[in-house]
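Just so you know, all these numbers are worked out from the coordinates, no wet-lab data involved. Keep in mind that what you see is a predicted model, and the values were worked out from it rather than measured. Virtual Cβ from ideal backbone geometry, glycine too; neighbours counted across all protein chains shown.
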Amino acid sequence: MAAKSQRLTPPQRPKAARPVGRGSSGNPAAKRYEKIRPATFGDWVAGARIFTLSMSVSPVLVGTGAAVVANDPGEFHWVRALLCLAVAVCLQIGVNYANDYSDGIRGTDQHRVGPFRLVGSGKARPKTVLIVALVFFALAAVAGLILTVLTGLWWLLAVGAAAILAGWFYTGGRRPYGYNALGELFVFVFFGLVATLGTAYVQSFVLNQEAWLGAVGVGLISVATLIVNNIRDITQDRDAGKRTLTVLLGDTASRILYILCLLAPFGIAAWLAMFYPVAWFALFGLLAALPAALIVATARTAHEFVLALKLTGLVQLLFGAALLWAFWK
């Protein structure tokens, strides 16, 4: 009697690995998670780096004050001032999210100890962060377009386009200039000169000495903000191949440069106080600047540099507010 043939069970195919999430390809940090944890509203606020927004607010304050000096007594274009503020703030938030996206997909933020990053932490998909960055760039563009129509200065469209491109290519693109020691130069130009002088010009059609001196002052503090941020990340940036100015100069020289950029604007404020006595109040910013300088000179941990970064933002805001008050009097 023939033996019954046995049914052969086909070999089971191994289950495919579950993807980390749509849009997570190219994001080394997010691959550590089986599933991307959704970012909360607080995470998105942290990703916008609110405490650094004084870099965009201060130039508008100083530029508006300089315009008040140039205009007829009592003339103040508050709509144009608010549009300048919208352009500056939306542009910086867009830049912050764009940096989060670009550094995240490159893996630069994988071992970062500083402020929270959405992509680097794996809490948000890179594509989502990119879309949010583009939305803020678009909002800045819309505000800039309205400002252009109101003033009739159509060349502002070219300036706005240059600012958006500079924001994107800081860490975006194949050859980001922020990875080649040019970040400080562009920050001085756009967060110092362009933002302050642009604000003053669209309100007065004049670029006076107050605008130029104020632009240099806020630009230097903005450079100090970037330097202290890069000192904190110098080891991680060097390992990731990010050649910031701090990486090229080294730790000690970068600390000295930070202190010089932070304190030099107070010399400008003292000079302006000879003509606008209220500008002496800008020296109250030293109450935050001197501790920040001391922290950077002696800091050993990333958390100390984060504190110095926040103090630098406070210095920027106090400096801008004091000059606005001085020019308005």
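The table for this structure:
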{"item": "For q = 0.19, 0.24 Å⁻¹, Debye-computed log10 I/I(0) when each Cα of region 213-319 counts as one equal scatterer", "result": "-0.86, -1.22"}
{"item": "Overall form of region 30-328 per C-alpha gyration tensor (a/c, 1.5; a/b vs b/c)", "result": "oblate"}
{"item": "Helix axis angle, 156-168 relative to the chain longest principal axis, alpha carbon, degrees", "result": "40"}
{"item": "Between helix 126-151 and the chain: long-axis angle, C-alpha atoms, 0 to 90°, nearest 10", "result": "30"}
{"item": "Ranked 274, 55, criterion: other C-beta atoms within 10 Å, fewest first", "result": "274, 55"}
{"item": "Among 77, 58, 328 the positive-end extreme of the charge dipole of the chain (Cβ point charges)", "result": "58"}
{"item": "Cα-derived Rg over Rh, computed across region 258-326 with Rh taken as Kirkwood radius", "result": "1.04"}
{"item": "Footprinting exposure proxy for 304, 210, 184 (fewest neighbouring C-beta atoms within 10 Å first)", "result": "304, 184, 210"}
{"item": "Percent RCO, i.e. relative contact order, over the chain, from Cα pairs under 8 Å lying at least 6 residues apart", "result": "23"}
{"item": "Cα shape, region 127-182, gyration tensor, a/c 1.5 rule", "result": "oblate"}
{"item": "Degrees separating the helix 251-273 axis from the principal Cα axis of the chain, which is the longest one", "result": "30"}
{"item": "Order of 287, 134, 323, 156 - criterion: other Cβ atoms within 10 Å of each residue's Cβ, fewest first", "result": "287, 134, 156, 323"}
